[in-house]
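The values are calculated or read from the model by the stated rules, or taken from the named source; none is laboratory data. Keep in mind it's a predicted model, so treat the numbers as computed, not measured. Note: ideal-geometry Cβ built from the backbone for every residue, glycine included; neighbour counts use all protein chains shown.
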Amino acid sequence: MSRKNKGSAAQDGLTQLGRAVALPASPDEATLEYAANPHIDIDFLVRFTAPEFTCLCPITGQPDFAHLVIDYVPGARIVESKSLKLFLGSFRNHAGFHEATTITIAKRILDSIVPKWLRIGGYWYPRGGMPIDVFWQTGKLPAGVWVPDQGVAPYRGRG
């Protein structure tokens, strides 16, 4: 898989922020950009929530929906949020199983910014009547970092 991780620690190296940018046709074409961590001297948590994530079922081609929660403790870099939105949006016409899609997203972020710690929760809406939730994290959380609950209730159907 192609891993485009363009970007620069300097603000002026960002190619998507503040510009009109088309949605990438696929995750492989998407570029995750980053900026320098403005508080490299302390450990803190960054959370991105994507409650309307969409991709395609690799078998039926029908849309799949998930609520993603991405938590990370930055190292030298932080994810530039517009590039993350474009990267996540690039999955709209991409087919992938829930497990593969969730882990692919986490690995791209990991490769791009090399965080001290990363966790992803993929809360997928039912496919075939069964929700499939996918969770993954890297190593141990740095000491002293507060991580709130991801706040996504288990699927309960209509009731």
(request) Please enumerate the residues belonging to region 111-132 that are surrounded by fewer than 16 Cβ atoms within 10 Å (Cβ to Cβ) and at pLDDT 95 or above. (result) D111, V114
(message) Quick check on region 100-110. Is at least one of its residues farther than 21 Å from L17 by Cβ and in contact (Cβ under 8 Å) with a residue 60 or more places away in the chain?
(response) yes
(request) Would you list the strands (runs of 3 or more DSSP E) that sit entirely within region 50-151 and hold 3 or more residues that are within 20 Å of A30 (Cβ to Cβ) and either touching a strand residue (DSSP E or B) at 6+ places or on another chain (Cβ under 8 Å) or of a type in the set (G, A, S) (or both)? (result) 63-73, 77-79, 117-124
(message) So, in region 13-40, exactly how many residues are touching a strand residue (DSSP E or B) at 6+ places or on another chain (Cβ under 7 Å), not in a loop (DSSP other than H, G, I, E, B) and not small (G, A, S)?
(response) 1
(request) Being touching a residue at least 12 places away in the same chain (Cβ under 8 Å), surrounded by fewer than 18 Cβ atoms within 10 Å (Cβ to Cβ) and of a type in the set (D, E, K, R) is the filter here, so list the residues in region 11-51 that pass it. (result) D28, E29, D43, R47
(message) Here is a list: A66, A35, A50, A95. Which entry is farther than 21 Å from Y155 by Cβ and in contact with a helix residue (DSSP H, G or I) (Cβ under 8 Å, 6 or more places away or on another chain)?
(response) A35
(message) Quick test of your reading of the structure: G7 fulfils all but one of (1) at pLDDT 95 or above; (2) in contact with a Gly (Cβ under 7 Å, 6 or more places away or on another chain); (3) part of a loop (DSSP other than H, G, I, E, B). Name the failing condition by number.
(response) (1)
(request) State yes or no: is F48 at pLDDT 95 or above, among the aromatic types (F, W, Y) and over 25 Å from W146 (Cα atoms)? (result) no
